[in-house]
1. Please tell me which of these pairs span more than 18 angstrom C-alpha to C-alpha: Lys8/Lys48; Lys71/Lys105; Lys8/Lys49; Lys5/Lys93; Lys5/Lys38?
2. Using only the alpha-carbon atoms of the stretch 1-90, report the extent along each of the three principal axes, biggest first, to the nearest angstrom.
3. Using the basic label-point model (7 angstrom from Cα toward the beta carbon), what is the Thr60 to Glu86 distance in nanometres?
4. Given the options Glu36, Glu45, Glu94, which has the most mean-square fluctuation in a GNM of the chain, springs set between C-alpha atoms less than 10 angstrom apart?
5. Charges at C-beta only: +1 for Lys and Arg, -1 for Asp and Glu. How large is the resulting dipole of the chain about its Cα centre, in Debye rounded to 20?
6. For the stretch 1-103, which chymotrypsin sites (Phe, Trp or Tyr not before Pro) pass both filters: DSSP loop (anything but H, G, I, E, B) and at most 14 other C-beta atoms within 10 Å?
7. If you look at just the Cα atoms of the stretch 66-114, how large are its Rg and its Dmax in Å?
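Every read-out reported here was derived from the displayed coordinates using simple, explicitly stated rules and does not represent laboratory data. Owing to the predicted nature of the structure, the values given are computational and were not obtained by experimental measurement. Neighbour counts run over all protein chains shown; Cβ positions are idealised from the backbone, glycine included.
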Amino acid sequence: MSFGKNLKKMRKKRGLTQKELAELVGIKRSTVAGYESKNQEPSYEILKKISDTLQCSIDTLLDFNEKNAVKEKSLLKEITDNKELEQLVDYLKEMDSKDISFYRKLIEFIEAEKN
């Protein structure tokens, strides 16, 4: 489950509206709505305030589990072991999501043309 879905679930479990949670945390209601439905993520400071307000762990909100940690560690090793892949990831980190989407589609087009 995503952060947004977990946040909504825990907020409702505590019987709070988005507005009430926002007021307790010190953020706007629209910010809570963005977290819940637009895949936006809070800073660590806000995440901590949310977890304290909802009386749940940060792990519960983030849905951290050992399986994901192992997968992330494996992916990181694969990237750092391959210098070209590492350079590509560094390059992509500097782009916004629109540019990344464009280049992904371009690569897909090129791959389709090769076949």
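1. Lys71/Lys105; Lys5/Lys93
2. Principal-axis extents of the Cα atoms in the stretch 1-90, largest first: 48, 24, 20 Å.
3. According to this spin-label approximation, the distance is 4.0 nm.
4. Top of the fluctuation ranking is Glu94.
5. 880 debye
6. Numbers: sites: Phe3, Tyr35, Tyr44, Phe64, Tyr91, Phe102, Tyr103; in loops: Phe64.
In loop regions of the stretch 1-103 (DSSP not H, G, I, E or B), the sparsely surrounded chymotrypsin sites (Phe, Trp or Tyr not before Pro) are Phe64.
7. 13.4, 40
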